[in-house]
Amino acid sequence: MALRRLVRVLLVAPLLAAATACVPQDGAPKAASAAISPAPALQSTAPAAPPAPATAPATKITTDLTMPRSSIGMATYRCSGGMISIQNLGTSLRVAGPDGWTEEFAASPANQSSRYQAATTHDAVVIDGREALLMKKGSTPLTCRR
């Protein structure tokens, strides 16, 4: 009976020790606690090496097809009534129509990149992949393709 209890304790003890080592004692995540309180530096008798040059932050590559090809880029769409050009300005779009009109559309709501609305005229643009739907007050919506 005592032997069985000893075997169970010997099997469970390393698992509990491993689980305890993975959980930080101050409640913060491991990565955050390592960034906040770095390990103390070891002292050596060798001369100190020069600091390593700072590396540039990694560039984020966007492959979202709902946005024009670059963060501030131009895309041309073919519609039934001609061609429109859409320039992505980040949080807004500038649309140039086939009749020479130009209108700026703000993201609506502001935290997304597919629906845009003009504040003064309430016209709207919806970008979906390679298609753009242009809705102007008083006219039929135009479906345009890149």
Could you order peptides 126-134, 101-109 by the average number of other Cβ atoms within 10 Å of their residues, highest first?
126-134, 101-109
Gain on full stretching of the segment that runs from Leu10 to Thr140 - 0.36 nm per residue minus C-alpha separation
39.2 nm
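Values in this text are rule-based calculations from the coordinates and carry no lab data. These figures come from a predicted structure and were not determined experimentally. Counting neighbours? That spans all protein chains shown, and the Cβs are built from the backbone with ideal geometry, glycine included.
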